[in-house]
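Comments concern the structure below.
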Amino acid sequence: MSPAPAPAHTAPAKQPPAAERVYAHVKDAVLDRRYEGGMLLTEGELAEAVGVSRTPVREALLRLEVEGLIKLYPKKGALVLPVSAQEIADVVETRLLVEKHAAAKAVPATEALLGELAELLETMREQAAAGDLAAVSVTDRAFHAAIVRSTGNQILDRLYEQLRDRQLRMGVAVMHAHPDRIAKNIAEHAEILQALRAGDPDAATEAVHRHVSWVRNLAQGEVR
């Protein structure tokens with residue numbers, strides 16, 4: 001009688017490289033404001049927090065400096081850069097150019113797009129009710145990205161993707177500073193969706209303009 005085959009062993013899930021783990025840890029913490037602008041991070045603290053040596057920490061911090069989230073100071077650490085008023089103005093200007101064009105081009109909207117936006121809107125409501133502001137910011141951004149993606153213009157889509165981190169960071173900052181604004185923010189998304197459902201490109205672009213301009217007005221009052 002042949003021996004029974006040895007039981008199969010499931011290989012443990014492979015962890016991402018150490019530098020990638022540090023990068024993700026710091027970036028996520030900066031975007032959801034666990035690491036605030038002006039905070040100084042040291043290599044030792046980050047190595048301990050992630051459970052790695054200092055070498056991958058340095059590699060990750062160099063990458064984050066290139067992305068404009070931190071500024072490295074030799075023998076001191078990494079300073080989390082605050083969001084400036086100029087950065088807010090630049091992001092809003094770019095968003096208006098891209099998103100108003102995308103909203104107009106999305107008309108007539110497909111049932112697939114309308115269904116996706118309706119689902120994202122409902123998810124946003126649930127996240128807001130749970131008080132998860134970071135999640136609301138991610139879903140908020142996904143709502144707008146879906147409209148941009150619907151244009152079928154891959155260059156425009158890639159341009160918009162480059163704004164992602166700044167959008168998330170500003171979105172969380174605004175919601176923390178103005179928690180009463182969250183319900184209004186969700187209502188404005190509903191207005192954009194309604195305009196797309198109605199097949200009205202002018203109403204859609206106007207709704208986008210009102211919504212995105214509010215981000216600038218609110219953020220500039222609080223984030224420097």
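The values are calculated or read from the model by the stated rules, or taken from the named source; none is laboratory data. Just so you know, these numbers come straight off a predicted model, no measurement behind them. Using ideal geometry, Cβ is built from the backbone for each residue, glycine included, and neighbour counts are taken over all protein chains shown.
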Every residue from region 67-83 that is of a type in the set (Gly, Ala, Ser) and loosely packed, with under 13 Cβ neighbours inside 10 Å:
Gly68
Condition met for Ile70 (outside the structural domain of Leu41 (by TED's automatic domain parsing) and β-branched (Val, Ile, Thr)):
no
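Condition first: under 25 Å from Ala146 (Cβ atoms), touching a helix residue (DSSP H, G or I) at 6+ places or on another chain (Cβ under 8 Å) and either surrounded by fewer than 14 Cβ atoms within 10 Å (Cβ to Cβ) or among the charged types (D, E, K, R) (or both). Can you find one or more residues in region 44-66 that meet it?
No, the conditions are met nowhere in region 44-66.
Among Arg197, Arg169, which is the only one that is at pLDDT below 95 and not hydrophobic (A, V, I, L, M, F, W, C)?
Answer to the selection: Arg169.
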If Val107 satisfies every condition in (1) at pLDDT below 90; (2) outside any helix (DSSP H, G or I) but one, which is the exception?
(1)
Could you list all residues from region 49-66 that are part of a helix (DSSP H, G or I) and more than 16 Å from Gly37 (Cα to Cα)?
Ala49, Val50, Arg54, Thr55, Pro56, Val57, Arg58, Glu59, Ala60, Leu62, Arg63, Val66
Please give the number of the condition Ala109 fails out of (1) in contact (Cβ under 8 Å) with a residue 40 or more places away in the chain; (2) of a type in the set (A, V, I, L, M); (3) closer than 25 Å to Asp32 by Cβ.
(3)
Candidate set from region 151-176 (those that are polar (S, T, N, Q) and either in contact with an Asp or Glu (Cβ under 9 Å, 6 or more places away or on another chain) or buried (at least 21 other Cβ atoms within 10 Å of the Cβ) (or both)); member that is nearest to Leu117 (Cα to Cα)
Thr151
Can we say Leu120 is farther than 18 Å from Arg33 by Cβ, at pLDDT 95 or above and out of contact with any strand residue (DSSP E or B) (no Cβ under 8 Å at 6 or more places or on another chain)?
yes
Please work out which one of (1) in contact with an Asp or Glu (Cβ under 6 Å, 6 or more places away or on another chain); (2) within 28 Å of Leu40 (Cα to Cα) is the condition Ala146 fails and give its number.
(2)
What residue, of Glu99, Glu93, is modelled with pLDDT of 90 or more, acidic (Asp, Glu) and surrounded by 16 or more Cβ atoms within 10 Å (Cβ to Cβ)?
Glu99
Suppose we filter region 67-86 for residues that are part of a strand (DSSP E or B) and either touching a helix residue (DSSP H, G or I) at 6+ places or on another chain (Cβ under 8 Å) or within 20 Å of Gln15 (Cβ to Cβ) (or both); how many remain?
6
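Can you name every one of the helices (runs of 4 or more DSSP H) wholly within region 112-207 that holds 2 or more residues which are out of contact with any Cys (no Cβ under 8 Å at 6 or more places or on another chain), closer than 20 Å to Glu87 by Cβ and among the small types (Gly, Ala, Ser)?
The qualifying helices (runs of 4 or more DSSP H) are 133-149, 164-177.
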